[in-house]
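Presented below is the structure to which this report refers.
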Amino acid sequence: MMKTLLHRLLAELPDAIRYALAAAALILSQHGLVALAFYGHAAPLAFDRMFWLFPIRQLAMLPGISPLVAIGGFAFCLAISTALVFLSLRRADRLRRGGGLALLTMVPTIQIFAAFVLTLLWRRRAGSPAPERVGNPAPPHQLARGTVAGMALIVLAVAVSGATMGAYGWGLFVLTPFLVGVITGYIVNRGTLRSRGETLVAVALAGLLGTLALLMLALEGLLCILLIAPLAAGLAIVGGLIGRGVAKPLGPQTPLYSVAALPLVFLVDAAMPPELPIVTRTSITIAAPPGAVWASLTANRPVAESPGLVGLAGLAYPVASRIAGEGEGAHRIGTFSTGTADERITVWKPGRTLAFRVVRQPPAMEEMSPYRKLHTPHLIGTFDTGETRFDLVPLPGGRTRLTARADHVLRIDPGLYWEPIARWAIKQNVTRVLTDVRRDAESRVKAPRHEAGLAAHSPHGQSYAQLAD
């Protein structure tokens, strides 16, 4: 008995070591990318538990990271995860088990444990009955089953992760669309192998029907779906091709087991949400003295500039502001397109600095839905504004440099996907406010000059307004 066990161990060990080394190299390449990025930005990097478990999240928290680097890092992460899935599926095929674990290597952090378990698994004995493949059902029937299964998984995942747990992370935005593709591609090819085009059409149809179901069941709005669509579509395509590829070597139920792990990933996302700080700084030169700029900043008035693409996307944008009182502790009310922000003045230095902190946040966006009001959990709490600060610096020629610094926190994964979108929206909103302040402040300076010009050409050097009196 011991001799047989030792013989099996020696036979399995080389393949297990090769897989472990290859999987470790792929996983650690993400840590190498993060370390390289921090080194390139001359930023300190703590090699703590968060670094080893969530390397890509650490990259999203890198101060001053450019959108190009963030997008490139996220693309690298997805490429590594895809390669790890293919590597793990090959091992599962040799083991004749573990197909569900192989699919879970698509998700960062979870992939570490899934690869570890796959390394420890032994090959199914030759005498053990292999899973039987099903027959050849009618193609239309099989296509319908695959499409409906993918649609049902979309609705189930959003209902459990978003509506129930309030978890918006890797499980919902990465693993779910990937598994939708895998399961749809697997089912439609399980009896009869179809072309890649037919498989991807079934995957696309499942995604379309799932989107319609989310809208009609009031689980999500159209704008949020459109924002995640590029990432979800790419992952679903990769998953569909993988599902088609494993339809033959794996058993009839193997990939379906991976769905059971989704709630576990959702729990991890809910228990450990990210806290990604986003700090933006934008400056503008105004042809007006600091006094006029300060008067414009503290005036109770609407923002006249058009919201542009931010408004079309349904994201929150400032509409007006009002200050009750003066000095630190005064109440500032910010009216946004999605609601009202309750703010408190923290710095009040006339002609120099104005700063305020948001006490109560308005929703981050306004969903487009067939229903009049849609209150999905991610509208509150996933994106918060901290302190906003305006600094006024006098310049020669009666001009002023106005600098706005805004602090925000993003609590949604994958951060490298959502952070560039958030930074773009912040940049658009801040630039819009600064442009509006410049227009208003410069008009305050031009008005007295215009009055003075009229007075110079009127009888007795008086303005026409004074003559009318």
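Rounded to the nearest Å, what's the spacing between the alpha carbon centres of region 223-243 and region 359-412? Just the number, please.
Distance between centres, Cα-based: 29 Å.
Helix 2-40 against the longest principal axis of the chain: what's the angle in degrees, Cα atoms only, rounded to the nearest 10?
For helix 2-40, the angle is close to 10 degrees.
How large, in percent, is the carbon and sulfur part of the accessible surface of the chain at a probe radius of 1.4 Å?
Details: 14750 of 22370 Å².
So the carbon and sulfur contribution to the accessible surface is 66 percent.
Amide H neighbours of residue 365 under 5 Å, counting only residues 5+ apart in sequence or on other chains, H built in-plane at 1.01 Å?
Amide H neighbours of residue 365: 316.
Taking 1 over the mean of 1/r across every pair of different Cα atoms in region 22-129, what Kirkwood radius in Å do you get?
Numbers: mean 1/r = 0.0670 Å⁻¹.
By the Kirkwood definition, the hydrodynamic radius is 14.9 Å.
In nm, what is the difference between 0.36 nm times the number of residues separating residue 120 and residue 144 and their Cα-Cα distance? Please list the in-between numbers first.
Details: separation 24, 0.36 × 24 = 8.64 nm, distance 3.76 nm.
This chain segment gains 4.9 nm when fully extended.
What do you get for the angle between helix 415-456 and the principal long axis of the chain? Use alpha-carbon atoms, 0 to 90 degrees, nearest ten.
10
So how far, in whole Å, is the C-alpha centre of region 78-96 from the one of region 135-206?
What the calculation gives is 19 Å, centre to centre.
Cα centroid distance between region 18-39 and region 267-345, in Å?
41
P(r) for region 299-413, please, calculated from all Cα pair distances in 5 Å bins and given in %.
Whole-percent P(r) values from 0 Å outward: 2, 10, 17, 22, 19, 14, 9, 4, 2, 1, 0.
Tell me the angle of helix 222-246 to the major Cα principal axis of the chain, expressed in degrees between 0 and 90 and rounded to the nearest ten.
20
Hey, if you put +1 on the Cβ of every Lys and Arg and -1 on every Asp and Glu Cβ in the chain, which of 56, 415, 27 ends up farthest toward the positive end of that dipole?
Value: 27.
Counting Lys and Arg as +1 and Asp and Glu as -1, each charge on the Cβ, what is the dipole of region 349-418 about the Cα centre in debye, to the nearest 20? Walk me through the intermediate numbers first.
On the way: 11 positive and 7 negative charges, 86 e Å.
About 420 debye.
Measuring with a 1.4 Å probe in the full set of protein chains, what accessible area per residue, in whole Å², belongs to the chain? Could you put the intermediate results ahead of the total?
On the way: 22370 Å² over 469 residues.
Heavy-atom accessible area per residue stands at 48 Å².
Could you tell me the ratio Rg/Rh of region 260-311? Both radii from Cα atoms, Rh via Kirkwood.
Numbers: Rg = 21.6 Å, Rh = 16.4 Å.
The Rg/Rh ratio comes out at 1.32.
Across the Cα atoms of region 316-355, what radius of gyration and what greatest pairwise Cα-Cα distance (Dmax) are found, in Å?
Answer for region 316-355, Rg first and Dmax second: 10.8, 31 Å.
Sorted from largest down, what three extents in whole angstroms do the Cα atoms of region 9-78 have along their principal axes?
In descending order, the Cα extents are 51, 24, 16 Å.
Treating the beta-carbon of each Lys and Arg as +1 and of each Asp and Glu as -1, no other charges, what is the dipole magnitude of region 281-372 about its Cα centre, to the nearest 20 debye?
Values: 10 positive and 7 negative charges, 46 e Å.
With only Lys, Arg, Asp and Glu charged at Cβ, the dipole is about 220 debye.
Based on DSSP H runs of at least 4 residues, each adding -39500 (n - 2.57), what is the mean residue ellipticity at 222 nm of the chain after dividing by all its residues, to the nearest 500 deg cm²/dmol? Could you put the intermediate results ahead of the total?
Numbers: 15 runs with 245 residues, N = 469.
Calculated mean residue ellipticity at 222 nm is -17500 deg cm²/dmol.
The values are calculated or read from the model by the stated rules, or taken from the named source; none is laboratory data. All figures in this text were calculated on a predicted structure; none of them were measured in a lab. For neighbour counting, all protein chains shown are included, and Cβ atoms are generated from backbone atoms with ideal geometry for every residue, glycine included. Protein only, heavy atoms only, side chains kept; ligands, DNA and RNA dropped before computing areas. Shrake-Rupley method; radii C 1.70, N 1.55, O 1.52, S 1.80 Å.
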